[in-house]
Amino acid sequence: MERTLIIFKPDAMNRNLVGRILTRFEDKGLRIAALKLQQSPRALVERHYEVHKGRPFYDSLVEFMTAGPVIVGVLEGPGSIAVVRRLLGATHGQEAAPGTIRGDFGLDQQYNLVHASDSPETAKMEIELFFKPDEIVGYKRVTDRWITSEK
Ligand code: CMP
């Protein structure tokens, strides 16, 4: 089953929005395969956002993502990578459509609440960067057979 990495950023943590946002992912039918609270070391955040190194927002982004604890997770479900990105909405809260997480809860480009992997390649890299294999749990819920016909 397809897996994607999510990070509840320090703005979501400080605004007490984690529960409400996680509920949206659960409501959609996605399954939590891993979830942990951590204060991310600077080096880890720098590796995670390596593709943005040199862009004007990079330093501020690293500062923001290390400003407090985050909750990192792995969500699982058919098409989960694209599905989670659509649930989040556009990067900038002012452009994100109403009904999306950023459209409903955010107004900013940097403080955009949740990070999610954008492709199968990045999902694999990001999951391996944040989780050891034994921190990810494969299991079935009793409801799964009513959520997807995929095995
Ligand atoms: P995220 O999806 O985690 O990927 C990169 C992050 O950089 C983005 O969300 C925002 O938090 C932040 N960011 C700040 N400014 C920009 C920008 N101009 N373009 C893209 N991302 C930005």
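The values are calculated or read from the model by the stated rules, or taken from the named source; none is laboratory data. Values in this document were obtained by computation on a predicted structure and should not be read as measured data. Glycine gets a Cβ as well: all are built from the backbone with ideal geometry, and neighbour counts include every protein chain shown. For the accessible areas, the whole protein counts, side chains as well, though only heavy atoms, and no ligand, DNA or RNA atoms are used. Shrake-Rupley method; radii C 1.70, N 1.55, O 1.52, S 1.80 Å.
Before moving on, here are some points about what is shown:
- Within segment 79-88, the only residue that satisfies the criterion of being without any contact (Cβ under 8 Å) to a residue 40 or more places away in the chain and either open to solvent by less than 20 Å² (accessible area, probe 1.4 Å) or aromatic (Phe, Trp, Tyr) (or both) is Leu88.
- Any hit, segment 131-143, residues being open to solvent by 30 Å² or more (accessible area, probe 1.4 Å) and closer than 23 Å to Arg42 by Cβ: yes
- From the options Glu76, Glu63, residue that is open to solvent by 20 Å² or more (accessible area, probe 1.4 Å) and closer than 23 Å to Ser40 by Cα: Glu63
- Any chance Val84 is within 12 Å of the chain's Cα centre (by Cα), within 14 Å of the ligand (Cβ to nearest atom) and either assigned to a helix (DSSP H, G or I) or farther than 19 Å from Asp11 by Cβ (or both): yes
- With respect to the conditions (1) in a loop (DSSP other than H, G, I, E, B); (2) more than 18 Å from Tyr111 (Cβ to Cβ), Ser40 falls short on a single one, namely (2).
- Test: residue in segment 44-66 that is in contact (Cβ under 8 Å) with a residue 60 or more places away in the chain, over 18 Å from Asp108 (Cα atoms) and either more than 12 Å from the ligand (Cβ to nearest atom) or of a type in the set (D, E, K, R) (or both): yes
- Among the conditions (1) under 15 Å from the mean Cα position of the chain (by Cα); (2) open to solvent by 30 Å² or more (accessible area, probe 1.4 Å); (3) free of Cβ contacts under 8 Å to residues at least 40 places away in the same chain; (4) within 16 Å of the ligand (Cβ to nearest atom), the only one that Thr23 does not satisfy is (4).
- When residues in segment 105-126 are screened for being assigned to a helix (DSSP H, G or I) and within 15 Å of the ligand (Cβ to nearest atom), 5 of them pass.
- Residue in segment 93-116 that is in contact (Cβ under 8 Å) with a residue 12 or more places away in the chain, among the hydroxyl-bearing types (Ser, Thr, Tyr), open to solvent by 70 Å² or more (accessible area, probe 1.4 Å) and in contact with a helix residue (DSSP H, G or I) (Cβ under 9 Å, 6 or more places away or on another chain) present: yes
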